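**Student:** To start, I am sharing the structure in question, which I have written as structure tokens.
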Amino acid sequence: MVGTVNVLQLLDWMKSRGSTAYPQREAQAETPEPHNRAMSGTYQLLYKYLENRYANTVVLTFGQIEGLLGFALPDQARLHQEWWTDTAIGVAVPNYSDSWILAGRTAVPNLLAQTVVFERAS
């Protein structure tokens, strides 16, 4: 072996020569680390509750969440699963979802049972 060539350098070189043998690398969106942003707002009490739980899985009913928050969840939370799971990278993330994202968790709702499973993100 003559020498070690960095694969990324090789791909860049091939691209500069007009090679179509390898697809162009796409820039990956950087996902902010959960604890690099500050939690504030009306959903802060849910954040604090989830942040202080040691269990990897926390199951809360809609009623329990409303009890923590001190107000009723919006109708969209009870009717649309996307309200809990619409946190795609590169899309403006709703402020309310910061309460579980910044606590290092994902939300998996069960609309029929009116519960949400908050799993610690791995």
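**Student:** If I filter the range 2-22 for residues that are within 15 Å of the chain's Cα centre (by Cα), surrounded by fewer than 15 Cβ atoms within 10 Å (Cβ to Cβ) and at pLDDT below 90, do I get at least one hit?
**Tutor:** no
**Student:** Go through the range 46-62 and give me each residue that's outside any loop (DSSP other than H, G, I, E, B) and surrounded by fewer than 12 Cβ atoms within 10 Å (Cβ to Cβ).
**Tutor:** Thr57
**Student:** Considering the range 86-121 alone, what residues qualify as being modelled with pLDDT of 90 or more and of a type in the set (Asp, Glu)?
**Tutor:** Glu119
**Student:** Under 7 Å between Cβ atoms, which residue pairs at least 6 apart in sequence (or on different chains) link something in the range 55-71 that is touching a residue at least 24 places away in the same chain (Cβ under 8 Å) with a partner that is among the basic types (Lys, Arg) and surrounded by 14 or more Cβ atoms within 10 Å (Cβ to Cβ)?
**Tutor:** Asn56/Arg120
**Student:** Given the structure, is Arg37 surrounded by 13 or more Cβ atoms within 10 Å (Cβ to Cβ), of a type outside the set (A, V, I, L, M) and at pLDDT below 95?
**Tutor:** So Arg37 fails the test.
The values are calculated or read from the model by the stated rules, or taken from the named source; none is laboratory data. It should be emphasised that the depicted structure is a prediction, and the values quoted were computed from it without experimental measurement. Cβ coordinates were reconstructed from backbone atoms using ideal geometry, including for glycine residues, and neighbour counts include every protein chain displayed.
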